[in-house]
Amino acid sequence: MVDPVNMQHKTHLAHPTYRADIDGLRALAVLSVVIFHAFPGLMPGGFIGVDIFFVISGFLISTIIFENLRAETFNFAEFYSRRIRRIFPALLVVLTASYAFGWFALLPDEFMQLGKNIAAGAGFVSNFLLWSESGYFDTAAELKPLLHLWSLGIEEQFYIVWPLVLWTVAKLRLNALTVIVLGASISFALNIDGLRSNAIATFYSPQTRCWELLIGAIIAYGFIRKESSIRWIDRVQFAFSRILFEQPTRSSPEFLRTGASVIGLVAIVAGFWVINRTRNFPGFWALLPTLGAALLISAGPLAWANRKILSSKALVWFGLISYPLYLWHWPILSFLKIVEGQTPSIGMRIVAIATAILLSWITYRLVEIPIRFGPKGRSATLVLTVLMIAIGFLGYNTYIRDGLEFRNKIFQQNKGQIKYQESFYENDICRRMYSDFPGFYCYLTHPGPPTIQILGDSHANRLVMGLVRFTNQNILQIGHHGCPPFLDIAAVEPGLTRDECVKSTNYAISIAANTDSIQTVIMTFAGAKYIGAGRYFEVSSVDHTRTESINETLTEAMRRTIDLLHAKGKTIIFVYDNPEITFDPNTCIDGGRPLRILGRHVRKPCGIEKVDFLRSQQEYRSVIQSVLQDYPEIKVVDAADAICDDSLCYGVKDGAVLYRDGNHLSFGGSLLVGRKIAEEIKPYSAGR
């Protein structure tokens, strides 16, 4: 085997024959993602379009590598140069545009996060960044304009490693199919196992997602080896022909190809509605879109579904702009929600998608095609690489400079309370003392035995910053986002496993019960998200069985927890959850948000009707009260008493922003609630 690193070019790197049906499959993938992001209720499983992209990418890249390794024309430099000219141009345009828009539209803390995500996107490590950020302090998904680059990171990481693997396989004369199948099997096994132990890592990790790309590689291997009668689709079809037909004819295999294409298309379309956020994904459910895509690609361009549906002019057109459309649509939708401060209207979302399609076509025609297929390939590659490094450095510089605060005078006036809120997520003091804690939050006021412990999820974590201002005691808060503070109970949100909840929460309760220095235990959680609305969470009991009533399961766990803490002599304070507002509180401040759509005015009044808030929490409060009435010794604090008056619950009060987002308190809000909690703790101190 000739060393492709040092060989001189005999011919240019060969590429597979163009297939219009694959562009049509790309269109299905990207349109499903776009619809899911813009109108999630219409297509709850639209996010599986990313998995379809993985299979397509694995097929095309592996085909290129196989063909050139076999012809001894493979060259690493040219391969990566072509990848750069394919991926970088549109990405550079979108990253630059996002930075420019963010300059005018975002507050410094938001712009700082955007800078970090631009740097990660330019370095193709967005998946690792999102993995590390997941949890409460990970901004809500719809408020992260570059969230979607996680999938591009996985693809690019695959592109870097996969050519080296296949070249090594060829050099050692190993069986490539065996290596691919073994790699896909290991990756899939890690994927299934990871969903039970760390669903977030499983979603973003390349080793638990590369099996989807390797499915495409298996198909590519079959097509490349067709002259040796190892084209697996032909063998399978011939076998089925002998079973189905008494005397197989030339039309029999084509009948089976058409059957494969129809089954593949039906599997993908079914996945758009059968799969949703509550499924354990990727897992076994990911087989539906990936094997569906594999059947369509394997069936070939002449199969009925490929020829009549996927090769239609409309789908092929969307397929051609699929990459820039994927890049453009999410930042536009995300920025629109950030600027509006709430979910945009249907009309505005339609306009946003139309704008994304237009920008995608312009990017494809004026940027992608001239650079990708133009002359001076090496020069273009060098320039694109330098520009990508530059935009990455710009994003990183913005991040380390705290989002360039000088852009916004209102922020500078309030930056003390806004920036202070980030410091109570975790600290080294806590991590050293509780090094084996498996959860997400770990904060301890100062070294030494804790005297107060806060149990709960991300809403509990938000109480720490205010409470430390009104008590001199040593406060401990350890917990996990998305997990109620009760024994053996899990509220599973997307990206979070039941085991993560149970292990971290039981650990935290054990510390509260068995640490003699802890006299007071404060309990709270995002109640209305678990009870009543049920929009994000599914509650299950410790034995993995579902009870008839989620409320009964939760209250039983709450009673067991209270009984344990009482048996240990602990004083319990229960805090009713704060109201959830339906808008961005920054839209209440004149100048708080630098740019507004269509000249929208400052929100007045800055609040929600108290009657609406109470209605939204009615079932949650009723369920909790059914438990608390049996424990009159428990002290009760209502966060709403600090946030609301008789008619409104406020997002901004007395000039202070009370919320970090739609449901988590800011430092200002935490101060109000923290003072009320501190009044129930002895000794009480009026401030520090």
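Protein chains only, probe 1.4 Å: how do Cys430, Cys210 rank by accessible area, largest first?
Cys210, Cys430
Hey, which aspartates and glutamates would be in cross-link range of Lys376, C-alpha to C-alpha under 19 Å, not counting anything within fewer than 8 residues on its own chain?
Within reach: Glu78, Glu368.
Per residue, what volume in Å³ does the convex hull of the Cα atoms of the stretch 58-116 enclose?
Looking at the stretch 58-116, the number lands at 96 Å³ per residue.
Going down the table (Lys116/Lys529; Lys116/Lys144; Lys610/Lys653; Lys144/Lys337), which pairs top 18 Å between alpha carbons?
The answer is Lys116/Lys529.
Arg70 to Arg401: FRET efficiency via 1/(1 + (r/R0)^6), r the Cβ-Cβ distance, R0 56 Å, to the nearest 0.05?
Between Arg70 and Arg401 the formula returns 0.65.
I'd like the FRET efficiency for Asp645 and Arg559, computed as 1/(1 + (r/R0)^6) with the beta carbon distance as r and R0 of 25 Å, rounded to 0.05.
The value I calculate is 0.15.
Give me the dipole magnitude in Debye, nearest 20, for the stretch 17-152 about the Cα centre, with unit charges on the beta carbon: positive for Lys and Arg, negative for Asp and Glu. If you can, show how the numbers build up before the last one.
Working: 9 positive and 11 negative charges, 72 e Å.
My answer is approximately 340 debye.
Just the Kirkwood number for the stretch 329-392, please: inverse of mean 1/r across all distinct Cα pairs, in Å, one decimal.
14.1 Å
Quick check on the stretch 62-220: what does the Kirkwood estimate of hydrodynamic radius come out to from the alpha carbon pairs, in Å?
17.5 Å
Taking only the alpha carbons of the stretch 295-372, what extent do you get along each of the three principal axes, in Å, biggest first?
49, 31, 18
Quote to one decimal, in nm, the extra length available between Tyr631 and Arg196 on full extension: 0.36 nm per residue of separation minus the C-alpha distance between them.
Working: separation 435, 0.36 × 435 = 156.60 nm, distance 3.57 nm.
Taking 0.36 nm per residue and subtracting the Cα distance, the gain is 153.0 nm.
Non-local amide H neighbours of Leu455 (under 5 Å, H modeled in plane, Pro and chain starts lacking H): which ones?
Ile522, Met523, Thr524
Mind putting together the pair-distance distribution for the stretch 617-662? All Cα pairs, 5 Å bins, whole percent per bin, short to long.
5, 16, 19, 21, 16, 12, 9, 2, 0
The values are calculated or read from the model by the stated rules, or taken from the named source; none is laboratory data. These numbers come from a predicted model, not from an experiment. Every residue, glycine among them, receives a Cβ derived from its backbone with ideal geometry; neighbour counts consider all protein chains shown. Just so you know, the surface numbers come from the protein's heavy atoms only, side chains and all, with ligands and any DNA or RNA stripped out. Shrake-Rupley method; radii C 1.70, N 1.55, O 1.52, S 1.80 Å.
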